[in-house]
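*Asks:* Structure in structure tokens, see below.
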């Protein structure tokens, strides 16, 4: 963005007045930086510019725009121009474009693309078949394949021929039998180390790490990271190769999934676009949903406190300890839920581990609760109006609340995952709201036991 | 992990009894999976096994163990064996190993390494010079360089020669002048497309995207993701190439930085190791710090409530609304802080944007606050004991609290970043604690204005 703001005005002028110069600019400036600048134009200006440029120059800029910018600009361009540009894009970026265009418009452009580049159109339909966050949707169909019985030299030649028509890096050659059955792969590295007239079969690796097309992209990312792969084939149950997933898309997936997780943890419905590009109305909706749910949830704190009114009447000042006590539960609960959610996201924690976690968190809650209890006990006694029995009530309540916070906070994400929901839904504010009501109930019942003389007959159930 | 538990017992037996078979296993099973299995052995068993294996077989397994496992096992092995294995490791993994060994032991092994492989030892010292989360520490010194005036064929030959001694992928050849001054690069792709006897100079790219060695790894990751790079050179201010950073390390950095951010957001001091490998004591420390800080912070809610006792005495039941009201502030504040923290982490939000954010968040707080106020107003009137003036107090308080939550939640991460702290320190629980006290003050002062008749003379300042 810094480059864009430095060079902005002049370049914008050149881009607007003389689209032919873009070819020269492309050689000087990384297309990513040109995309930054085009992204700063008004959408109609950008659309006009891209439509006037030769499609092969427009494509590298267009495919580097943010997803939402691509959609916005494509809607303002003639469908023919979009189809022309799409035909020059990398297959996975092309498929992405169609997934965020309005459906009718996407279909119109796809029909035009069928005239321009029928193979590309077919590929889009193939990739679009799969759910948006699946391996199938993430893959590109631009991979190099050869028959298993060729020589290393002709496999290298196949790579060269592919590179002449594609802008992407190639790491591997896939050996496939008729029917696209994947039988092995050889890396560029393997081929460079082999002799040119050696049969490719000599150097084929057959223990291939692949993923099925339905697999969720987070799991794909995990697997590629684990095996340090730059590219991984997508293979169906009949060993048919459907495409390959490259590491640059995985980096994007990791960032995008992480943003979603963090937003959910902060009780915001995930936004699809950056902060400043999100409209005010979208924010109100995405934040409002959770803010209202949590607000309704907190009604129960008021209901519970009102219900136990006789207790709070009987113990002067007790109601003033409520926020202090329940927040300890919310805080310990959010620590536990965060640890478990992240542990599950990176694959360290499995559903079957729940009982080990439960024991561990209960023990941790006990120790942390005792720590807070000691401080809380001393704190109460600092006030002359309170006696040791109330200090003891506060101390025991803290232990109970922190243990509840730790166990509820740790178990809720696991339960959510078990029933097929995203564990990150058990956000910090959500756990806090849940634990708040439990905290009040614990407080009152501990008081009933410890201070039974004071409270004789005052505690409702 | 699944493979490990399936094949575990038998393989463990083979690994223990006959380390020579490991070579055969290495051809059958991915070293990553063997590392999983070795990681499940007791540390002393793993140390004995790795020490007995030929170093070139042990290295691919050892370098794939978790960081903490590597440290633990290395401490149990003879320093000579560790040095032997280290000499066979990739330069960046090797440097990593030394960064988590106890210093005295690291120095002892490094001295042994100097005998085995002086170049490797020198590289470790070079990489270790840089801070642990910097580009310099992340780089590998295993890159291919040639003089700018060679032919494409001899550059390819340099790649081939390098590959024979290194297990890593190579994407580029770097053209350097005497003094290691980087003047250009050619990708394998460029070289495959060029003619073998063409001068390399014909195809050299000179607009190179590089990073300085001091740059933080998060910014390195951002830059590589932005430009879709698989490898990026690290270059000092004199254009001297120091090493290159590869994408597989970036994937690890992203995951590690994200885990840290999420843990901070949940008010846990970042853990360096997975949930089940973290000791109980470490958890108590890493969670206890924040739990106590937040607990002390919440003391102020009790102090404030006690201070305003006459108000709560005068308005029957008002104290029971406190958790409901202050949690609305905490929730809206955590939404704002999460959005801003994440926006800054991915580079969408800069410090200079603070005033735009402030205006936006205040407006959002106003609208969301009015929404909650309407619901809150209705809720209070459901109780026969409360009158419209108290319902109005609750409504106005909600607007004030939600606006406070949004603006404080949004500004705090920016202020933290400004003073050089990690914005993620302003965790959800931290924002909630901060906003809780403000909420009580707002509540009492709104009540004072709206219900002045009821409260005549009852409000302390």
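*Asks:* Quick check on residue A:310: is it surrounded by fewer than 16 Cβ atoms within 10 Å (Cβ to Cβ), more than 9 Å from chain B (Cβ to nearest Cβ) and closer than 26 Å to residue A:392 by Cα?
*Replies:* Yes.
*Asks:* Ok, one more. Sort through B:345, B:363 and tell me the only one that's surrounded by fewer than 24 Cβ atoms within 10 Å (Cβ to Cβ) and within 28 Å of the chain's Cα centre (by Cα).
*Replies:* On the way: B:363 fails: within 28 Å of the chain's Cα centre (by Cα).
Result: B:345 is the single residue among B:345, B:363 that is surrounded by fewer than 24 Cβ atoms within 10 Å (Cβ to Cβ) and within 28 Å of the chain's Cα centre (by Cα).
*Asks:* If the requirement is being part of a helix (DSSP H, G or I), modelled with pLDDT under 85 and closer than 23 Å to residue A:167 by Cβ, which of these qualifies: A:110, A:101, A:15?
*Replies:* Values: A:110 fails: modelled with pLDDT under 85; A:101 fails: part of a helix (DSSP H, G or I).
Going through A:110, A:101, A:15 in turn, just one is part of a helix (DSSP H, G or I), modelled with pLDDT under 85 and closer than 23 Å to residue A:167 by Cβ: A:15.
*Asks:* Now, a different point. Test residue B:166 against the criterion of being outside the structural domain of residue B:83 (by TED's automatic domain parsing), within 26 Å of residue B:64 (Cβ to Cβ) and touching a residue at least 40 places away in the same chain (Cβ under 8 Å), and give yes or no.
*Replies:* yes
*Asks:* Residue under question is residue B:241, and the condition is that it be crowded, with 21+ Cβ neighbours inside 10 Å, out of contact with any helix residue (DSSP H, G or I) (no Cβ under 8 Å at 6 or more places or on another chain) and in contact (Cβ under 8 Å) with a residue 60 or more places away in the chain; does it hold?
*Replies:* Details: crowded, with 21+ Cβ neighbours inside 10 Å: yes; out of contact with any helix residue (DSSP H, G or I) (no Cβ under 8 Å at 6 or more places or on another chain): yes; in contact (Cβ under 8 Å) with a residue 60 or more places away in the chain: yes.
Criteria met by residue B:241.
*Asks:* So, one more: Confirm whether residue B:177 is assigned by TED's automatic domain parsing to the domain that holds residue B:227 and within 23 Å of residue A:155 (Cβ to Cβ). Don't jump to the end; show me each part of the working.
*Replies:* Values: assigned by TED's automatic domain parsing to the domain that holds residue B:227: yes; within 23 Å of residue A:155 (Cβ to Cβ): no.
Taking the combined requirement at face value, the residue does not satisfy it.
*Asks:* Out of A:305, A:291, report the one residue that is farther than 24 Å from residue A:379 by Cα and crowded, with 17+ Cβ neighbours inside 10 Å.
*Replies:* Details: A:305 fails: farther than 24 Å from residue A:379 by Cα.
Going through A:305, A:291 in turn, the sole match is A:291.
*Asks:* Does residue B:356 satisfy being under 28 Å from residue B:218 (Cβ atoms), assigned by TED's automatic domain parsing to the domain that holds residue B:403 and over 26 Å from the mean Cα position of the chain (by Cα)? Explain how you work it out, then say what you get.
*Replies:* Working: under 28 Å from residue B:218 (Cβ atoms): yes; assigned by TED's automatic domain parsing to the domain that holds residue B:403: yes; over 26 Å from the mean Cα position of the chain (by Cα): yes.
Yes: the conditions hold for residue B:356.
*Asks:* Out of all the residues in the stretch B:222-272, which are at the interface with chain A (Cβ under 7 Å from one of its Cβ atoms), assigned to a helix (DSSP H, G or I) and over 14 Å from the mean Cα position of the chain (by Cα)?
*Replies:* B:225, B:226, B:247, B:248
Each row is one residue, and each column tells you yes or no for (1) part of a loop (DSSP other than H, G, I, E, B); (2) within 14 Å of chain A (Cβ to nearest Cβ); (3) crowded, with 17+ Cβ neighbours inside 10 Å.
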residue: B:149; (1), (2), (3): yes, no, no
residue: B:157; (1), (2), (3): no, yes, no
residue: B:168; (1), (2), (3): yes, yes, yes
residue: B:173; (1), (2), (3): no, yes, yes
residue: B:196; (1), (2), (3): yes, yes, no
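*Asks:* Another question, if that's okay. Across the stretch A:273-285, what is the number of residues that are in a helix (DSSP H, G or I), facing chain B (nearest Cβ under 9 Å) and under 26 Å from residue B:330 (Cβ atoms)?
*Replies:* 5
*Asks:* Here is a further query. Which of (1) more than 13 Å from chain A (Cβ to nearest Cβ); (2) surrounded by 18 or more Cβ atoms within 10 Å (Cβ to Cβ); (3) at pLDDT 65 or above; (4) assigned to a helix (DSSP H, G or I) is the odd one out, the single condition residue B:60 does not satisfy?
*Replies:* Unmet condition: (1).
*Asks:* Do we have any residue at all in the stretch A:138-146 that's part of a helix (DSSP H, G or I), surrounded by fewer than 21 Cβ atoms within 10 Å (Cβ to Cβ) and either assigned by TED's automatic domain parsing to the domain that holds residue A:161 or in contact (Cβ under 8 Å) with a residue 12 or more places away in the chain (or both)?
*Replies:* Looking for residues that are part of a helix (DSSP H, G or I), surrounded by fewer than 21 Cβ atoms within 10 Å (Cβ to Cβ) and either assigned by TED's automatic domain parsing to the domain that holds residue A:161 or in contact (Cβ under 8 Å) with a residue 12 or more places away in the chain (or both), one finds none in the stretch A:138-146, hence no.
*Asks:* Within the stretch B:413-433, how many residues turn out to be in contact with a helix residue (DSSP H, G or I) (Cβ under 6 Å, 6 or more places away or on another chain), within 13 Å of chain A (Cβ to nearest Cβ) and part of a helix (DSSP H, G or I)?
*Replies:* The total comes to 9.
*Asks:* Also: Among the residues in the stretch A:126-136, are any part of a helix (DSSP H, G or I) and over 20 Å from residue A:219 (Cα atoms)?
*Replies:* Yes, there is a match, as at least one residue in the stretch A:126-136 is part of a helix (DSSP H, G or I) and over 20 Å from residue A:219 (Cα atoms).
*Asks:* Sticking with this one: Please enumerate the residues belonging to the stretch B:177-194 that are away from chain A (no Cβ under 11 Å) and either closer than 19 Å to residue A:167 by Cβ or surrounded by fewer than 20 Cβ atoms within 10 Å (Cβ to Cβ) (or both).
*Replies:* Selection gives B:177, B:178, B:179, B:180, B:181, B:183, B:184, B:185, B:186.
*Asks:* Before we move on, is residue A:413 buried (at least 23 other Cβ atoms within 10 Å of the Cβ), at pLDDT below 90 and within 27 Å of residue A:269 (Cβ to Cβ)?
*Replies:* Working: buried (at least 23 other Cβ atoms within 10 Å of the Cβ): yes; at pLDDT below 90: no; within 27 Å of residue A:269 (Cβ to Cβ): yes.
Answer is no for this residue.
*Asks:* Now for a different question. Can you say whether residue B:329 is more than 9 Å from every other protein chain (Cβ to nearest Cβ) and either surrounded by 24 or more Cβ atoms within 10 Å (Cβ to Cβ) or modelled with pLDDT of 90 or more (or both), as far as the supplied structure shows?
*Replies:* Yes.
*Asks:* Any chance you could count how many residues in the stretch B:74-91 are farther than 22 Å from residue B:256 by Cα and in a helix (DSSP H, G or I)?
*Replies:* 12
*Asks:* Is at least one residue of the stretch A:203-220 at the interface with chain B (Cβ under 9 Å from one of its Cβ atoms) and not in a loop (DSSP other than H, G, I, E, B)?
*Replies:* no
*Asks:* Moving on to the next point. For the stretch A:248-257, state whether one or more residues are buried (at least 16 other Cβ atoms within 10 Å of the Cβ) and touching a strand residue (DSSP E or B) at 6+ places or on another chain (Cβ under 7 Å).
*Replies:* no
The values are calculated or read from the model by the stated rules, or taken from the named source; none is laboratory data. Everything numeric here is computed off the predicted structure, so don't read it as measured data. Note that we place each Cβ from the backbone using ideal geometry, even for glycine, and neighbour counts take in every protein chain shown.
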